[in-house]
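Novice: First, the structure itself, so that you have it in front of you.
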Amino acid sequence: MPKCDTCGNDYPRAFTVTVNDKTHTFDSFECAIHLLAPSCSHCQCRIIGHGVEFDGKMFCCMHCAKH
């Protein structure tokens, strides 16, 4: 049974995501986000939408980018 790379859960309906030629196995989107999504440079939350890039850094929103 496939095992989640983030939490280690064995789950028969796990899925894989390939990023930069590396394949990861996950049991949920939550685990995929936890491992793969970038963090906001200001508040450290995971960026799951478009986000904002400023001065080479990623932010979750304009409010954080302005800080």
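Novice: Taking 8 Å as the Cα distance limit and 6 or more residues as the minimum spacing, I'd like the relative contact order of the chain as a percentage. All intermediate terms of the calculation are to be shown ahead of the outcome.
Specialist: Values: 106 pairs, mean separation 13.7, N = 67.
Contact order relative to length: 20 percent.
Novice: Let me ask something additional. Is it possible to state the helix-based mean residue ellipticity at 222 nm for the chain, with each DSSP H run of 4+ residues giving -39500 (n - 2.57), the sum divided by total residues, to the nearest 500 deg cm²/dmol? What is it?
Specialist: Numbers: 2 runs with 13 residues, N = 67.
Using -39500 (n - 2.57) per qualifying helix, the result is -4500 deg cm²/dmol.
Novice: Can you give the FRET efficiency to the nearest 0.05 for PHE15 and MET62, using r as the Cβ-Cβ distance and R₀ = 35 Å?
Specialist: Values: r = 33 Å, r/R0 = 0.93.
So, using R0 = 35 Å, E works out to roughly 0.60.
Novice: If I stretch the segment between ILE48 and HIS34 completely, what's the gain in nm (0.36 nm per residue apart, minus their alpha carbon distance), one decimal?
Specialist: Numbers: separation 14, 0.36 × 14 = 5.04 nm, distance 0.98 nm.
Result for the pair: 4.1 nm of gain on full extension.
Novice: Now for a different question. With the crude spin-label approximation of a point 7 Å out along Cα→Cβ, what separation in nm comes out for ASP55 versus THR25?
Specialist: About 4.3 nm separates the two model spin labels.
Novice: Over 18 Å apart: what share of the alpha carbon pairs of the chain falls there, rounded to a whole percent?
Specialist: Values: 1024 of 2211 pairs.
Tail fraction, whole percent: 46.
Any read-out appearing in this document is the output of simple, stated calculations on the displayed coordinates, not a laboratory observation. Only a predicted model underlies this, so the values are computations on that prediction, with no experimental measurement involved. Every residue, glycine among them, receives a Cβ derived from its backbone with ideal geometry; neighbour counts consider all protein chains shown.
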